[in-house]
Amino acid sequence: MASDVFVARLNSGAPGRRGFLNWLLGAWAAGVAGSILYPVIRYLIPPEIPEASTQSVNAGKASALALNSGRIVPFGSVPAILVRTAAGDYRAFSATCTHLACTVQYRPDLEHIWCACHNGHYDLTGRNIAGPPPRPLEAYQVNVANDELIVSKKP
Ligand code: FES
């Protein structure tokens, strides 16, 4: 009964209210359509991801890396592993395991690089020597200048 009165008032000469309700309904419909279309459009047209263009990074003090140890350093948006062998050589590789992209680590007890995810092993040239990794790690170049370790992509 009360709703009939309300509808009758709406239909009979309250253009301000009707206009407001139409505007409210339109805004609601636009909001619903936007919340449905936005994720669909983002899925169909994903944002561009800048390719890792890093060619060289400063990996810190050479004197801070002990013999037979390693550390992970950021190489642009991806990790790299920097190793100082027991003989004192510096080596660097991509730290992304070639199996399923876990981050590898240095194992001083084994004196080589190891992936904890599925027990993958790499020697100190980056070659995959045991476990599931199908390919070697990408090797980087290491230069020491004024006690700073510079890790670079190989030309
Ligand atoms: S992700 Fe490294 S061994 Fe599987």
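Side notes on the structure shown:
- Fluctuation leader among Pro79, Pro136, Pro39 - the chain, Gaussian network, Cα springs under 10 angstrom: Pro39
- When the charge dipole of segment 56-153 is built from unit charges on Cβ atoms (+1 for Lys and Arg, -1 for Asp and Glu) and taken about the Cα centre, the candidate among Ala59, Ala92, Cys115 whose Cα reaches farthest toward its positive end is Cys115.
- Computed FRET value (nearest 0.05) for Leu25 with Ala101, which takes r as the C-beta separation and R₀ as 35 Å: 0.10
- Taken as Cα centroids, segment 135-152 and segment 52-102 sit 7 Å apart, rounded to the nearest whole angstrom.
- Counting only Cβ charges, +1 for Lys and Arg and -1 for Asp and Glu, the dipole size of segment 102-155 around its Cα centre is about 300 debye.
The numbers here are math on the coordinates, done by the rules we state, and not lab data. If you're wondering where the values come from, they're calculated on a predicted model, not measured in any experiment. We place every Cβ from the backbone using ideal geometry, glycine too, and count neighbours over all the protein chains shown.
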